[in-house]
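Encoded as structure tokens, the structure appears first; notes follow it.
What follows draws every value from the coordinates through simple rules; no lab data is involved. All figures in this text were calculated on a predicted structure; none of them were measured in a lab. We place every Cβ from the backbone using ideal geometry, glycine too, and count neighbours over all the protein chains shown.
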Amino acid sequence: MPGHGGGKGLGDMALQQMAQLDVTEVPGLGDLHVLEGIMEEARMLLADAYGAKQSLFMVNGASSGIHTMFMSLRPGSRVLVPRNAHRSFYAGTVLSGVEPVYIPGQISSEYGLCMSVNSHDIMDLLKTHPDIETLFLTSPNYLGVSCDLKEICSQVRKINRKIAVFVDEAHGGHFPFHPDYPITALEAGADAVVNGLHKTLPVLNQGACLHGQDEEYFHRQMVPAWSMLTTSSPSYPILASMDLARSFMMLEGEYQLEKALELSRLYKGKINTIKGLLVLTEEDLINWPGATELDPLKLWIDLSGVSLNGMQMASILREEHAVQVEMFGANHILAMMSMFHQLEDWELFYRALGEIARQYPGGRAQQQPILPAPEPQVVLIPRKAYFSKSIEVKLADCLGKVAAEMVAPYPPGIPCLLPGELISHDIYEYLLYLIKQPISLHGPGDNSLSKIRIIEP
Ligand SMILES: Cc1ncc(COP(=O)(O)O)c(C=O)c1O
């Protein structure tokens, strides 16, 4: 194995070349599941680079690190989770059988997006639910906004019981390598952290890692969960790319990140001089309690002074300027730069924005962001809901029933319903409101929402 015979069986030259590296556990190459030899050495070097006591390589993205975190928890235990967490948390709750308690997000009425969570809400919830054993947070979020992890960790440590702080830092794998980038979750005091290394470092897709600070817990609870969830045929190219990236970042990371930081400062300033456009800067975070720092490589650009919505701007950038943005919102686009974007790449993006802004000057009414959803009410824990029988009913008949599918308006993609949650009067009214909005819905089998799947009463 693999059956491509060192690439010979692959019809395409490029694939054949890639396949040269696609080897498996032959002598000298170690075994990812056996913590010894070269794999162990690479693992310890990774931990060192991130300032972690222990680390594990993931070959199925940050998602699998989040699944591992959840699978290390006690079934039935309660976990505090931000409602806007990446959907992998939900799979984690189904796999492990934990009960989520949701932290309200600081939703910006201007952007319709959840910018952060704040420490007061977290402390209040930890006090009202004295049985919560774990706090799961996302920082930075997709937009590059970090929450005040240092404050949150310090407040949590003052509570008179053990609460583990787990952080999805999928978008912050580059933070440890330059002092002027946001503080890392481990520095802030988190117990376990996931980095989606492929997102911000020179790493092949799916490369990610999980760090743990409590060695006993890590070996007893996390390693078995990780091994159970990880393929027995891990991709060596992905593993090698993570090891090389770790070495590259140790040697050159600070220099490369400094260059990127300077380009970011220069071009954020330049983009802000384009009439009709506004880039989110760290100074703007003052408007969101709990939001503290901003990744300089994420550019969240407000389009309210041009007559285009986010989707239109993203499509013109792609079709006419060969620029692919990461994401768009109602009146925004999110551009994501890397350490490897050079001056000419930033310049191209800036010029494209300027040209489009001149072609589409402001004046048209902007698209209203989606209103935040009412508070969710968990009736069945996600695992129970997942394994329950369900039926499809007309939307008009779902009031007071328990949802069996997710409904998440996109953008911003924050679910208003998850399986196991009550379709209360407020939620029902919200679903009726969503149907009338010019957005797509993620989750429901029937996208028009004329029918919805509920747990069989
Ligand atoms: C905040 C966050 N966490 C986790 C993930 C999952 O990452 P991956 O695609 O590496 O599984 C994503 C993916 O976009 C994400 O945005």
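Label zone (Asp31, point 7 Å along Cα-to-C-beta; backbone nitrogen cut-off 11 Å) within region 1-17: none. Once the chain from Gln368 to Leu45 is taken as fully extended at 0.36 nm per residue, the excess over their C-alpha distance is 111.5 nm.
Tell me, what is the FRET efficiency for Glu355 and Thr281 to the nearest 0.05, using R0 = 22 angstrom and their Cβ-Cβ distance as r? Could the numbers behind the result be given before it?
Numbers: r = 23 Å, r/R0 = 1.04.
For R0 = 22 Å, the calculated efficiency reads 0.45.
Using mean Cβ contacts within 10 Å as the protection proxy, how do 431-441, 140-150 order, highest first?
Working: 431-441: 14.2, 140-150: 24.8.
Ranking, from highest mean packing down: 140-150, 431-441.
Tell me which lysines have Cα within less than 26 Å of Lys436's Cα, excluding those fewer than 8 residues away on the same chain? Excluding near neighbours in sequence, the set is Lys394, Lys401, Lys451. Of the GluC sites (Glu not before Pro) found in region 1-67, the ones in coil according to DSSP and having at most 15 other Cβ atoms within 10 Å of their Cβ are Glu36. Relative contact order of region 13-248: 25 percent, from C-alpha pairs under 8 Å at least 6 residues apart in sequence. With R₀ fixed at 41 Å, the C-beta to C-beta distance from Glu344 to Arg157 puts the FRET efficiency at about 0.30. Segment Glu252..Met123, full-extension length gain: 42.5 nm, with 0.36 nm per residue of separation and the alpha-carbon distance subtracted.
Helix-derived [θ] at 222 nm for the chain: sum -39500 (n - 2.57) over DSSP H runs of at least 4, divide by residue count, nearest 500?
Calculated at 222 nm, the ellipticity per residue is -10000 deg cm²/dmol.
Each other residue within a Cβ distance under 15 Å of Glu375 adds +1 if Lys or Arg and -1 if Asp or Glu, for a net charge of -4. Filter Lys53/Lys298; Lys199/Lys268; Lys150/Lys298; Lys199/Lys389; Lys53/Lys199 down to the pairs with a C-alpha to C-alpha distance above 32 Å, please. Beyond 32 Å: Lys199/Lys389.
Gain on full extension, evaluated as 0.36 nm per residue between Thr273 and Tyr410 minus their Cα-Cα distance, stands at 46.3 nm. Residues whose amide H comes within less than 5 Å of that of Met58, counting only those at least five positions distant or on another chain, are Ala208, Cys209, Leu210 (H built at 1.01 Å from N in the peptide plane). Here the relative contact order of the chain, from alpha carbon pairs under 8 Å that lie six or more residues apart, stands at 14 percent. Going 7 Å from the Cα of Thr231 toward and past its Cβ, which residues in region 17-53 have a backbone nitrogen under 15 Å from where you end up? Within reach of a label on Thr231, which here means backbone N under 15 Å from a point 7 Å along Cα→Cβ, region 17-53 contributes 19-25, 32-33.
Sequentially through region 189-205, phi angles give Karplus couplings (6.51, -1.76, 1.60; θ = phi - 60°) of x, 5, 8, 8, 9, 10, 10, x, 4, 5, 6, 10, 10, x, 10, 5, 3 Hz, Gly and Pro residues having no value and appearing as x.
Region 9-48 and region 227-273 have Cα centres lying 20 Å from one another.
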